[in-house]
Amino acid sequence: PWDEWHITDAQRSRVLGEVVVLMAPWIMPLVMLLAGVSAWYALPTRGNGTYVRERTSRLLVPLAVGTLVLVPPQVWLERRFRGQFHGSLLEFYPRFFDGIYPSGNFSWHHLWFLGHLYGYSLIALPLFRYLQRDEGREVLARLGRIASGHAGLAWLALPLVLERSLLWGLFPERHMLTSDWSNHALLLGAYVYGFVLAGAPALRAAIDAHWCGALAVALAGTAALMTGTWLDVIPTRLPVPYSLRYLAFWTLYAWCAWAWMVALLGAARRWLDRPASGIRRAESSAYAWYVVHQPVIVAIAYVVVAWSVPLAVKVSLLFIGSAALTLLATALGQRVARELRWWARGTSGESVRGSFRTTDAGAVTICRGPGGDGGSAER
C-alpha cells in the first residue's frame with residue numbers, strides 16, 4: 001500500500017504490506033551473506049583466473065541472457081497494464097531498448113542482484129585471499145574471540161547501523177550499479193560477513209549459542225517497525241535525514257536486519273543442516289528459482305488483477321500459481337540443460353555408454369568411458 005510495483009491491484013492490503021516490512025530489512029542481505037559463505041568454499045580449489053571465469057559464466061552470462069529474455073516480457077506487461085503500449089510482445093521488443101527504466105524501457109529488473117554480486121566478487125577477492133592465508137586466519141580467530149564474549153555478535157551490527165544512518169540520505173538511487181552506494185555498503189558488507197562466518201568456527205558457535213536471543217530481538221524490532229508503518233510514520237514519511245528520529249529509525253532497521261540474519265542462520269544450522277533429499281534439491285535449484293520467479297509473478301499478477309474477486313483470492317492464486325509455475329519452469333529448464341549437455345558430449349566425439357540417472361540431489365550421473373572400454377561414473 002505504500003509503493004507502486006510493476007503490476008499493482010486497485011485494492012490494497014495493509015496487512016499484507018506488513019509482511020513486506022517484515023522481510024525488507026533482511027531478505028536480500030541474507031541472500032548476499034549466503035553468497036559469501038559459498039565463496040569461502042569455492043576459493044581454495046580455484047586460482048584467481050579460474051574463479052573470475054567461473055563468476056563470469058555463472059553471473060554475467062545469466063544476467064545478459066535474462067535481461068534480453070526474461071525482462072522484456074515484464075516491461076511489456078507493465079506498459080500494457082498502464083495503457084502505455086497496446087501491441088504484441090514481438091512488436092514491443094525493439095522498443096525495450098528505448099531509454100532507461102522507469103522513464104524508458106531498458107532494465108535488468110530483479111537481475112540487479114547478479115550484477116551487484118559479480119562486482120562484489122571481484123572487489124572482495126583480494127580481501128578473501130588474504131583472509132584464507134595464515135595471517136588472515138589470525139584475524140578471523142580474533143573476530144571469533146570477540147563474538148564469543150558478552151553480546152559479541154551485537155558488535156557486528158554496528159557497521160550496518162552506521163551505513164544505514166550515514167549513507168541512505170546521501171544516495172537516494174536504488175539498485176543502480178553506479179550510484180546506489182547505501183545498498184552497496186549494506187550488501188557488500190553482508191557478502192564479506194558470509195565469508196567471515198564460514199571461515200571462523202567461533203562465530204558459527206556464537207550463532208548456535210545466541211540465535212534464540214537474536215530471534216527475540218528480531219521479533220521485537222519488527223513489531224516496532226510494523227507499528228510505525230501502521231501509524232503512517234514509515235515508509236511513506238521517513239524522518240528528516242540525520243534528525244534524531246531518522247537516526248533512531250535506521251538504527252532499529254539495521255539491528256533488525258542483523259538480528260534476523262543471525263536468527264535465521266542459527267535456526268537453519270539447527271534444523272536444516274542434514275542430508276534430506278528435499279533440502280539437497282533446493283540447494284541445486286535455488287539460483288534458478290531466483291532468476292525465474294519474478295517474470296512468473298508479473299505474468300500471473302497481470303491476469304488476476306483484472307478479475308472481480310476478493311483480494312484474498314487474488315493473493316492466494318498469485319502465491320500458489322507463482323510458486324508452482326516457478327518450480328515447474330525451473331525443473332523443465334534444468335531437464336533441457338541436462339539433455340543438451342548429454343547431447344553435446346555425445347556429438348563431441350566421445351563414446352557415451354550407460355544412461356542418465358537422476359540422483360536424489362537432482363544431479364545427473366553419466367557413465368561413460370572412451371572407446372567403449374568400460375566407464376567411470378562422472379557426475
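The values are calculated or read from the model by the stated rules, or taken from the named source; none is laboratory data. Because the structure is a prediction, the values reported are computed rather than measured. Neighbour counts run over all protein chains shown; Cβ positions are idealised from the backbone, glycine included. Side chains are part of the model used for accessible areas, which takes the heavy atoms of the whole protein and leaves out ligands, DNA and RNA. Shrake-Rupley method; radii C 1.70, N 1.55, O 1.52, S 1.80 Å.
Tabulated results
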| item | result |
| --- | --- |
| Those residues of the stretch 144-160 which are open to solvent by less than 60 Å² (accessible area, probe 1.4 Å) and either outside any loop (DSSP other than H, G, I, E, B) or basic (K, R) (or both), in sequence order | G144, A147, G152, L153, A154, L156, A157, L160 |
| Single match in V52, V19 (criterion: at pLDDT 95 or above and either over 15 Å from the mean Cα position of the chain (by Cα) or over 21 Å from V291 (Cα atoms) (or both)) | V52 |
| Residue match in the stretch 227-247 (condition: assigned to a helix (DSSP H, G or I), among the small types (G, A, S) and either within 22 Å of L30 (Cα to Cα) or open to solvent by 60 Å² or more (accessible area, probe 1.4 Å) (or both)) | no |
| Residue satisfying condition, being open to solvent by less than 40 Å² (accessible area, probe 1.4 Å) and in contact (Cβ under 8 Å) with a residue 40 or more places away in the chain, within set V262, V315, V296 | V262 |
| Cβ-Cβ under 6 Å pairs, at least 6 apart or on other chains, the stretch 144-157 side touching a residue at least 12 places away in the same chain (Cβ under 8 Å), far side open to solvent by 30 Å² or more (accessible area, probe 1.4 Å) | G144/A202; S148/A202; G152/I146; L153/H210; A157/W255 |
| Candidate set from the stretch 318-339 (those that are hydrophobic (A, V, I, L, M, F, W, C) and open to solvent by less than 60 Å² (accessible area, probe 1.4 Å)); member that is nearest to L77 (Cα to Cα) | L318 |
| Some residue of the stretch 120-142 being open to solvent by less than 40 Å² (accessible area, probe 1.4 Å), closer than 30 Å to V296 by Cβ and in a helix (DSSP H, G or I) | yes |
| Residue check for E135: at pLDDT below 95, more than 16 Å from M261 (Cβ to Cβ) and in contact with an Asp or Glu (Cβ under 7 Å, 6 or more places away or on another chain) | no |
| Some residue of the stretch 97-109 being in a helix (DSSP H, G or I), farther than 24 Å from V305 by Cα and either out of contact with any strand residue (DSSP E or B) (no Cβ under 6 Å at 6 or more places or on another chain) or at pLDDT 95 or above (or both) | yes |
| Subset of the stretch 162-192 (residues that are more than 19 Å from I123 (Cβ to Cβ), open to solvent by less than 20 Å² (accessible area, probe 1.4 Å) and not polar (S, T, N, Q)) | R164 |
| First in the stretch 265-288 and of a type in the set (S, T, Y), second anywhere and outside any helix (DSSP H, G or I), Cβ under 9 Å, 6 or more apart | S277/D360; S277/A361; S277/G362; S284/A361; S284/G362; S284/A363; S285/G362 |
